[in-house]
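Written out below as structure tokens is the structure these notes cover.
The values are calculated or read from the model by the stated rules, or taken from the named source; none is laboratory data. Bear in mind the structure is a predicted one, so any value in this text is a computation, not a measurement. In this analysis, Cβ positions are derived from the backbone assuming ideal geometry, glycine residues included, and neighbour counts consider all displayed protein chains. Surface areas here come from the heavy atoms of the whole protein model, side chains and all, with no ligands, DNA or RNA. Shrake-Rupley method; radii C 1.70, N 1.55, O 1.52, S 1.80 Å.
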Amino acid sequence: MAKFNLKIKACKLRRKGESIRDIAKLLKVSRSSVSIWCREINLSNKQVLNLLERKKDRLRLGQINGAMSNKNKRLKKIEFYKNEGGQYFKKVSDKEFFIAGLALYTGEGSKKDGWVSINNSDPKIMKFMLKWLCKFFAVGVSDCSLSVVVNVIHKKREKLIKQYWSDYLKIPLIQFRNTTFIKSKQKKIYDNYNNHYGVLRIRVLKSREMYYKIMGLIEGMLPKE
């Protein structure tokens, strides 16, 4: 059975409150693999209690309370840092915004074909980059063409996928080009099939001069040998 299929089954079992040990035994995989696959899944306090009560040696009440306390501390810490991040970036200067966008382009943007374009599956990143291009390079919505790259198993959802990106970025569907469908040797299974929208590419039309400028800025930003 393919690993991504096993991962999906493991996550479903974990969400139902099954133990890492039982999942590993059922799927015939190592506990370490199941632990990694399911590490982002948070069990309810009731599920934690049920798991602990099922252990043969019957953990003491103090241990049970300790396990729940550690879980709650972890969740509070995650929420704390989310809020801290929001406060830290509440006010961003134009220079900070510019450098952040340039760094993102360095990692996700095209640097070889002579066109200004960027690919990513995260809608927030794509919205951020559109604002960046608009603010610092006077790029308007009408200056862009968009295209989606997605697994062929989502072909029936093509219109829905395009509509999602169009609505989120407020760019007319007429500016979307043909979708690229990827054929995989293995039949890929998505745990979030109905919430998968592929990778979006935004290309700025007639952007040769802008491309040279961005490449120069990237060169200036990166450390010199």
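So the values come out like this:
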item: Residue satisfying all of: in the range 14-47; of a type in the set (Asp, Glu) and in a loop (DSSP other than H, G, I, E, B); nearest to residue 75 (Cα to Cα) among these; result: 40
item: Unique match (being of a type in the set (A, V, I, L, M) and without any contact (Cβ under 8 Å) to a residue 24 or more places away in the chain) among 146, 217, 160; result: 160
item: Matching strands (runs of 3 or more DSSP E) fully within the range 124-225 where at least 1 residues are aromatic (Phe, Trp, Tyr); result: 180-182
item: Residue list for the range 1-13, restricted to those being out of contact with any Leu (no Cβ under 8 Å at 6 or more places or on another chain), assigned to a helix (DSSP H, G or I) and over 19 Å from residue 78 (Cβ atoms); result: 3, 4, 5, 7, 8, 12
item: Filter result (farther than 19 Å from residue 71 by Cβ, small (Gly, Ala, Ser) and surrounded by 17 or more Cβ atoms within 10 Å (Cβ to Cβ)) within the range 11-53; result: 24, 33
item: Residue check for residue 121: touching a Lys or Arg at 6+ places or on another chain (Cβ under 9 Å), closer than 30 Å to residue 220 by Cβ and surrounded by 11 or more Cβ atoms within 10 Å (Cβ to Cβ); result: no
item: Selection from the range 92-118 of residues that are within 15 Å of residue 137 (Cα to Cα), of a type in the set (Ser, Thr, Tyr) and not in a helix (DSSP H, G or I); result: 117
item: Residue selected from the range 54-102 under the condition among the hydroxyl-bearing types (Ser, Thr, Tyr) and modelled with pLDDT of 90 or more, by the criterion least open to solvent (accessible area, probe 1.4 Å); result: 93
item: Among (1) open to solvent by 50 Å² or more (accessible area, probe 1.4 Å); (2) within 20 Å of the chain's Cα centre (by Cα); (3) modelled with pLDDT under 95, the one test that residue 151 misses; result: (1)
